[in-house]
Structure formats: C-alpha cells, structure tokens
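Since every read-out is calculated from the coordinates, none of them should be taken as a lab result. Just so we're clear, the structure is a prediction, and the values are computed from it rather than from any experiment. So basically every Cβ, Gly included, is an ideal-geometry build from the backbone, and we count neighbours across all protein chains shown.
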Amino acid sequence: MQTLIKNIKELVQVEPLSRKATVPLGQGGNYQPKLRAQGKEMAQMETMKDAYLLVEDGKIKAFGPMNELSADGCGAGETPALQIDATGRMVFPTFCDSHTHLVYANSREHEFVDKIRGLSYEEIAKRGGGILNSAKATAAASEQELYDMALQRLEEAMRLGTGAIEIKSGYGLTTESELKLLRVIRRLKENSPLTIKSNFLGAHGIPMEYRGHQEDYVDLVINEMIPRVADEGLADFIDVFCDQGFFTVDDTARILEAGIKHGMRPKIHANEMAISGGVQVGVKYNAISVDHLEQMGDAEIECLKGTDTMPTILPGCAFFLNLPLSPARRMIEAGLPVAMASDYNPGTSPSCNMQLILSMACIRYRLTPEEALNATTLNTAYAMGVSHELGTIAVGKKANFFITKPIASYEYMPYSYGENKVERVFINGVEM
Ligand code: NIG
Ligand code: FE
C-alpha cells in the first residue's frame, strides 16, 4: 500500500541529490547512501522545499518537488491509498537514539535532591546509591512490570520523534536479573514497530558484595553472564562503564574480548568522570561507538581519527549532572564525526526527548542546526548499526519520519527548545 505526503513545506535531511540517481544498491541501482557524516561533512544537510514523499510497503519509494509529482507518476499509475496534505509543515527523518537505559524500575529524584545539596554522582555511587539503588528496585520488579513501564517510555520517546533506539541492560548486576532485563528488551523488539538494538551492560556497577575484589564480578560477567546472554541471542552489543570508580581498562578489555567472541560488538561508556583510557580501549576493540566523553584530551581525539568508532556525546547527562561539556567543536574541527544521544536513564538523564538534545547540541555545544541534525539522525543511526536503513530521507530506507506542527524553518526545531514540535509520527510508513 502507498501513502503520499504532499505539499511538504520543506523535506529535511534528504540524501544528497541527484534524487533521480538514488536507486539503492539492493534495488538494481548503484546508489549507496552515506553511512555517517564527519568533520566538515557534518555541516552538509540537504533539504527540499515544496516537496512530496511517497511511501510503499514501509519504505521510502520516492520523493521530489511537488511540480514533478505527476511526472513521477507516483508509483506507476497507482493512486496512493492515503494522501496527507502537509501544507505549512515540515518532514524530518525520525531521530535515532543510540544510547539509552530505558528498562528500569524506579525514578531517583531523592538522589537528585542530594545532588542539589552538594553530593556528587560518584559519592552517591560509593555509598551504594545510584546504579545499585536502581538495581535493587529492578531486582524486585517482575519482567511484566518492567516491560509495561518500558513500553510506556518507548511510546513517549516515539511521540517526541524517536524512530530507532538502543536499549541497555545494566540495572540487573546478577545473572538472572540481567537476563530479565534483556528479555524485556527482546519483547520490546518483538512488539514495538520501532527499530530497537539491545546492549548487554552487565559491567555497569560493582555490586556491594564485590567491593574490594571487583575482578570476581568481572569473572562472573565473562564466565556466566555473557555465555547465557549469547545462548539466548539477547544482545547486539556489549558495553562496559569504563571510568574512575567503576571498571578499569583491564576489566574492560577482558569483557569486550569475551563479548566479541560471542558475537557482540563493543559500544562503551568512557570518560564521564575522568580520562579513563576508555576511548583507547574502545577503539582498540573496534567499538561501534564510545559514549559520554565529557573528559577528552588531545590523545583521545587523535586516537579516534581514521577509525570506525563513532564518538557519541550525551548532552542530557552533562546537563543533569553539571559536568564539563564534551569538546564537540574541537572534535568536528579535527575531522571526527560526532553523534548525540539522550542517555535516557533514572540517574543521569531522565528524559528521552531528542528534540531537547538537538537544542542542546546547538545551544551548549555550538553545533549549527545542520551539524546537530546529522549528530542526532544519521550519526546516531551509525552508532547503532542502522544507518544503511535509517537516519536520512532516502529511497529504499525505512519510512520512519515525522510531520511537524506548522513551523517557520528547520532551524526553528533546535531554536524552540523544550517545546514539542512533532505533530504526526510514521514508523515503517504507518501513522502511530
Ligand atoms: O550513562 N554512566 C553510567 N551509566 C549511566 C547512568 C546510570 C545511572 O546512574 O543510573 C549513564 O550516565
Ligand atoms: Fe549511559
């Protein structure tokens, strides 16, 4: 079945035109969409004014200027079953949120108040709060309860314009509890139309009983958790919180090696609290992304150059914890790609709002709107391994897009921070 969106004021983040040449590889053409944008390319973002978008069977079939709509024949004579007039409105590809901890049991506003009163995130973690606080509540919750809560959060993210999302475990910290979280993610994958990737983050916190001998917990992750996770095929990625006060570079290397052996690609937390060596160990094991990066020296930037690893900044976390800002401009000027994701979690970023991340990218990190859009669509799609099928408006890609409320320009999206500018969301071509 076909759906036609017509009279689009501006179609945003379209694959570089020649549009007519955008017949993708798999469909007999020779066009290969760009998988990520780096350095100067981040400032390039194409749009098309007064456009149409044609969807067929969940994929983008065609797009172009309205005055070519009849000439394009809208799919060989077929009249689209559904036609939507988007006059005054823009169409964007949905955001890809490549870093979330969406499955958890409890909010943590008491710690939020402790932080306002002066305690640091690390101090709270040391006394058994933080991640361990969430782990306790998560252990007590049933799989069904966790699923219901997660599904509701997923719906909220989608309403705000997210069409693909990566979700980590990591609030289990025992084999059974980690498996429970990953099974919840598997059910979300099965039942939600969103594109979802799962990430096993058993090495997220060090349980109290392992304090002083955390290598035994690392052994548990490697010898018991990873094989069980792999047996059930529960994770696409393997993650470690490689940072001061959490897991060391050696712990990280051991865990990543075990994960890789079991078919999981690394994707790690690094340099939130301190320059931890996390970027280097991530790059060494060909991580698809290294995330956080509040602390970045020249060596970290150097070591990312020429690699397949996507540096990913989490503006919500730095905002919520009042952390130093990752040097996004310096990274882009060094020729690196930059992605920005929500880090949605109860401890450091309790918001799944990617529109807000887009605004923060511009306001706090001085990215231009074009760079910020590349950071939150194409580059986050890359960071979750789906940029061949999502992240831009391209013929043959999944038809995940949103129609905005009437807005004046695409720059209005980051400019108008804290407001929901999304009116209608389409996932796999179907209105949600
Ligand atoms: O990405 N930094 C590590 N993990 C999460 C926070 C988890 C929590 O505090 O619950 C993050 O910020
Ligand atoms: Fe995180």
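Over what distance in Å are the Cα centres of segment 395-432 and segment 194-212 separated?
33
If I build a Gaussian network model for the chain, linking alpha-carbon pairs within less than 10 angstrom, which residue out of Asn106, Asn353, Asn191 has the largest mean-square fluctuation?
Asn191
Below 18 Å, Cα to Cα, which lysines can Lys189 reach? Residues fewer than 8 away in the same chain don't count.
Lys168, Lys180, Lys197, Lys398
Using a cut-off of 17 Å between alpha-carbon atoms, which lysines can reach Lys405, once sequence neighbours fewer than 8 places away in the same chain are excluded?
Partners within reach: Lys6, Lys9, Lys49, Lys421.
Send over the semi-axes of segment 371-418's equivalent ellipsoid, whole angstrom and largest first, taken as the square roots of 5 times the C-alpha gyration tensor eigenvalues. Intermediate values should be presented prior to the final figure.
On the way: eigenvalues 98, 38, 12 Å².
Rounded to whole Å, the semi-axes are 22, 14, 8.
What is the gain in length, in nm to one decimal, between Asp250 and Asp50 on full extension, counting 0.36 nm per residue of separation less the C-alpha to C-alpha distance? Display every interim value, and only then the final one.
Working: separation 200, 0.36 × 200 = 72.00 nm, distance 5.48 nm.
So the extension gain works out to 66.5 nm.
Considering every Cα-Cα pair within segment 265-320, what fraction, in whole percent, is farther apart than 15 Å?
Details: 587 of 1540 pairs.
Of the Cα pairs, 38 percent sit more than 15 Å apart.
Please give the contour-minus-distance gain from Glu302 to Arg424: 0.36 nm per residue of separation, less the Cα-Cα distance, rounded to one decimal in nm.
39.7 nm
Across all directions of projection, what mean area in square nanometres is found for the Cα convex hull of the chain?
Values: hull surface 78.4 nm².
That works out to 19.6 nm², a quarter of the Cα hull's surface.
Taking the Cβ of each residue in Arg117, Arg108 as the centre, tally the other Cβ atoms inside 10 Å and list the residues starting with the fewest.
Least crowded to most crowded, the residues run Arg117, Arg108.
Out of residues 5 or more away from Val103 or on other chains, whose amide H comes under 5 Å of its own, with H placed 1.01 Å from N in the peptide plane?
Residues meeting the criterion, in which the H sits 1.01 Å from N, are Lys168.
If the elastic network links every pair of Cα atoms under 10 Å, which of Pro337, Pro350, Pro315 fluctuates the most in the Gaussian network model of the chain?
Maximum among the listed residues: Pro350.
Compute log10 of I(q)/I(0) for segment 42-156 with the Debye formula, placing one identical point scatterer on every Cα and leaving out solvent, at q = 0.10, 0.18, 0.21, 0.23 Å⁻¹, to two decimals.
The computed values of log10 I(q)/I(0) come out as -0.62, -0.99, -1.21, -1.32.
For Leu82 and Phe112, compute 0.36 nm times the residue count separating them, minus their Cα-Cα distance, and round to one decimal in nm.
Values: separation 30, 0.36 × 30 = 10.80 nm, distance 4.69 nm.
Value of the extension gain: 6.1 nm.
Find out how many positive minus negative residues lie around Leu390, taking Lys and Arg as positive, Asp and Glu as negative, among other residues whose Cβ is under 10 Å from that of Leu390. Show your work: numbers first, answer last.
Values: positive: Lys397, Lys398; negative: Glu389.
Net charge in that neighbourhood comes out at +1.
Under a point spin-label approximation (7 Å from Cα along Cα-to-Cβ), what is the Ala43-Arg127 distance to one decimal in nm?
4.9
Any idea what diffusion coefficient segment 113-267 gets from Stokes-Einstein, in µm²/s, Kirkwood Rh on alpha carbon pairs, 37 °C, 0.692 mPa s?
Details: Rh = 16.2 Å.
This corresponds to a translational diffusion coefficient of 203 µm²/s.
Sort Cys362, Cys96 so that the residue with the fewest other Cβ atoms within 10 Å of its own Cβ comes first and the one with the most comes last. The partial results should precede the final answer.
Working: Cys362 21, Cys96 29.
With the sparsest Cβ surroundings first, the list reads Cys362, Cys96.
For segment 219-276, treating each Cα as an identical point scatterer without solvent, what Debye log10 I(q)/I(0) comes out at q = 0.14 1/Å?
-0.36
How would Arg186, Arg127 line up from fewest to most surrounding beta-carbon atoms within 10 angstrom?
Least crowded to most crowded, the residues run Arg127, Arg186.
So what is the 222 nm mean residue ellipticity for the chain from helices alone, if each DSSP H run of at least 4 adds -39500 (n - 2.57) and you divide by all residues, rounding to the nearest 500 deg cm²/dmol?
Working: 17 runs with 143 residues, N = 432.
My calculation for the chain gives -9000 deg cm²/dmol from helical runs alone.
Among DSSP beta bridges lying fully in segment 95-383, give the percent that are antiparallel, nearest 5.
Taking every DSSP beta bridge with both residues in segment 95-383, the antiparallel ones total about 5 percent.
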